[in-house]
Amino acid sequence: GVELLRKDFDVDLGQDWSDDEFMQRIGEYDALIVRSATRVTADVISAGARLSVIGRAGVGVDNVDLDAATRRGIVVVNAPTSNVLTAAEHTIAMLLACARNIPQAHAALRAGRWDRSKYGGVEIDGKVLGIIGLGRIGVLVADRARGLHMEVVAFDPYVPAERFRELGLERAERVEDLYRRADFISVHLPRNKDTLGFVDDAAFAQMKDGVRVVNVARGGIIDEEALARAIESGKVAAAAVDVYPTEPTTDDVLFAYDQVVSTP
């Protein structure tokens, strides 16, 4: 991608820049491309006097201050299909990992323990997967889960009933209906002011005992403190998490629980 850009533009790579260097240099550029780790704040946008476009190499744009960019007339673009297949496949991998306790069993064996009965896990065949958010990734996850003989029910108030019929998916009229039925729940929502903390204590209270929860979407959509409490109470049997409220991190609250499969 960088080589393609260099055919027409002068391109600098700032992957090893400190925050201070980034702020000092942003004024030199007409365009900026970032991934998820770089925060394009109002201060960055203010310092980028020449900026006319900000590109997000990925789906979400929650790391870009859209209001500040709009006020400056800066176009913000993303790549909505760039990693959807990867995200969907990783969701399925994480679902299976938390169903079968694969990382924990591997670690135990490497530590010299044969804990065969402890990490047996559960089968997913015939289980109900609840998908919250039926965008591109949610649809791909649903298709793959059905291939594994799971029953899929989805909730998304912005997707019309006709689309559910086209996909052959069961539509939950309310998210509470999904909570009550699902053996596994996977969230696929964008991160914004309406979705932060979407899955909270009240949500966990409505779920089945022993539910398993997966988040490969965005950190903060599931309230991590609420998830920790649900794990401690036994309401949640296991969870698989690939995203965190603050990234990078090596001390997230969920890392303390053996029932949680975590990837960076």
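Keeping all protein chains in position, work out how much accessible area Lys7 exposes to a 1.4 Å probe, and write it in Å² to the nearest 10.
Per-residue accessible area (Lys7): approximately 150 Å².
Rg and Dmax of the stretch 179-218 over Cα atoms: what are they, in angstrom?
10.5, 29
With just the Cα atoms of the chain, tell me how far they stretch along each of the three principal axes, in Å, largest first.
Rounded to whole Å, the extents work out to 59, 52, 35 Å.
Determine the share of the stretch 128-204's accessible area contributed by carbon and sulfur atoms, expressed in whole percent, with a 1.4 angstrom probe.
Exposed carbon and sulfur together represent 52 percent of the surface.
What ³J(HN,Hα) values, in whole Hz, does the Karplus curve 6.51 cos²θ - 1.76 cosθ + 1.60 give for the stretch 239-247 when θ = phi - 60°, with x put for Gly and Pro?
9, 9, 9, 10, 9, 9, x, 10, 10
Where in the chain lies the longest segment free of chymotrypsin sites (Phe, Trp or Tyr not before Pro) that are both loop residues by DSSP (not H, G, I, E, B) and have at most 14 other Cβ atoms within 10 Å?
Here the longest segment lacking exposed loop sites spans 159-264.
How much accessible area per residue does the stretch 68-179 have, in Å², with a 1.4 Å probe?
Solvent-accessible surface per residue comes out at 56 Å².
So what is the diffusion coefficient of the stretch 20-158 in µm² per second by Stokes-Einstein at 10 °C and 1.306 mPa s, using a Kirkwood Rh over Cα pairs?
Translational D for this selection: 86 µm²/s.
Evaluated at 10 °C with a viscosity of 1.306 mPa s, what Stokes-Einstein diffusion coefficient in µm²/s does the stretch 137-264 have when Rh comes from the Kirkwood expression over alpha-carbon pairs?
Roughly 105 µm²/s, to the nearest whole number.
Which whole-Hz ³J(HN,Hα) couplings does the stretch 152-162 yield from phi under the Karplus relation 6.51 cos²θ - 1.76 cosθ + 1.60, θ = phi - 60°, glycine and proline marked x?
10, 10, 10, 10, 7, x, 9, 9, x, 4, 4
If I model a spin label at Asn192 and Arg25 as a point 7 Å from the Cα along the Cα→Cβ vector, what separation in nanometres do I get?
If labels sit at Asn192 and Arg25, their model points lie 3.3 nm apart.
Express the Stokes-Einstein translational diffusion coefficient of the stretch 71-111 in µm² s⁻¹, to the nearest whole number, given a Kirkwood radius over alpha-carbon pairs, 10 °C and a viscosity of 1.306 mPa s.
Rounded, D is 119 µm²/s.
With a sphere of radius 14 Å drawn around the Cβ of Phe204, what net charge do the other residues whose Cβ falls strictly inside it have (Lys, Arg +1; Asp, Glu -1)?
Every neighbour counted, the sum reads -3.
222 nm [θ] for the chain, helices only, -39500 (n - 2.57) per DSSP H run of 4+, per residue, to 500?
-9500 deg cm²/dmol
Principal axis lengths of the stretch 42-111 from Cα atoms, whole Å, largest first?
Ordered largest first, the stretch 42-111 gives principal extents of 56, 26, 16 Å.
Enter the accessible area of Ser233 (Å², nearest 10), with the probe set to 1.4 Å and all protein chains included.
Using a 1.4 Å probe on the heavy atoms, I get roughly 90 Å².
DSSP loop (so not H, G, I, E, B), at most 11 other Cβ within 10 Å: list which GluC sites (Glu not before Pro) in the stretch 61-158 pass both filters.
The qualifying sites are Glu123.
The values are calculated or read from the model by the stated rules, or taken from the named source; none is laboratory data. What you are looking at is a predicted structure, and each value in this text was computed from that prediction instead of being measured. So basically every Cβ, Gly included, is an ideal-geometry build from the backbone, and we count neighbours across all protein chains shown. Accessible surface is based on the protein model in full, side chains and every heavy atom, while ligands, DNA and RNA are left aside. Shrake-Rupley method; radii C 1.70, N 1.55, O 1.52, S 1.80 Å.
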